[in-house]
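Accompanying notes for the structure given below.
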Amino acid sequence: MNNKMPLAQSVAKDIADMIKKKNMKAGDKLPSENELVKLLNVSRSTLREALKILTSRNILFTRQGSGIFVSENTGMVKDPFGLEFLGSEKLILDMFDTRLILEPEIAALAAVNASKGDIEKIMVQCDEVERAISENIPYADKDVMFHNLIGKASGNTVINHIIPILHNSIQNSIDYTNNALIRNTVYYHRRIAEAIGDRDSLGAKYSMICHINANRQYVIDKIRGKGNSAKK
């Protein structure tokens, strides 16, 4: 045990190491509190503090009456940069700029590395987004999943962890544009999906650029419009 750090943090590290050594996956159940107390040779209060640390880092979650489990997307925090508290037009624009830097290349990678199963999932999700839009029901979660699946299909584990964080901005973007770019979403999602399915890396890349840039330009035009109105 590492004595250079507070005891609870050291115990949390021991538990995290145990999860990695045992190659535990999302949904796997940890030993009970009683077993962990004996296994780690610590007090119950120290163990509970360590579990709180791991829960705050989205490594573990507790299901009342059932036990302690490994979290999905282990270690990933939904909004690690605190973007939810920075809501502004500039933030939305900055997020589009960031997406333009990353996502076209991610789409190109997906066209090269996606498995048949990945492609099938992307196509199905493309259909799901279109269905939600046609039925006029909220589609942000389905939109996020579409882009997340492309990130997974890239075959890059770092990208796979970055994309969900990046796409916390999608709901804000939809709200800001007031669904004005629904046709853009349907058209370019389909082009991106088909390009990935065709192993057309350039087609996937440039379709993603067009998709994101249309949203970006809408925000720029709206900001300019407000500026012009203020001058009058």
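Side notes on the structure shown:
- Simple label model, 7 Å out from Cα along Cβ direction - T55 to E33, nm: 1.0
- Our note on the geometry: Cα centres of the stretch 22-54 and the stretch 119-155, 37 Å apart.
- Pair N179, L7: separation of 7 Å Cα→Cβ label points (nm): 5.7
- Largest to smallest principal axis extent of the C-alpha atoms in the stretch 87-136, angstrom: 38, 33, 12
- Packing here is the average count of other Cβ atoms within 10 Å per residue, and on that basis the peptides 113-120, 191-198, highest first, run 191-198, 113-120.
- At 0.890 mPa s and 25 °C, Stokes diffusion of the stretch 1-73 via Kirkwood alpha-carbon radius, µm² per second: 201
- Per residue solvent-accessible surface (Å²) - the stretch 102-156, probe of 1.4 Å: 48
- Oblate is the label for the stretch 86-171. Its Cα gyration tensor axes, ordered a ≥ b ≥ c, give a/c of at least 1.5 and b/c at or above a/b.
The values are calculated or read from the model by the stated rules, or taken from the named source; none is laboratory data. All values derive from a computational prediction rather than experimental measurement. Counting neighbours? That spans all protein chains shown, and the Cβs are built from the backbone with ideal geometry, glycine included. Heads up: the accessible areas ignore ligands, DNA and RNA and are worked out on the full protein's heavy atoms, side chains in. Shrake-Rupley method; radii C 1.70, N 1.55, O 1.52, S 1.80 Å.
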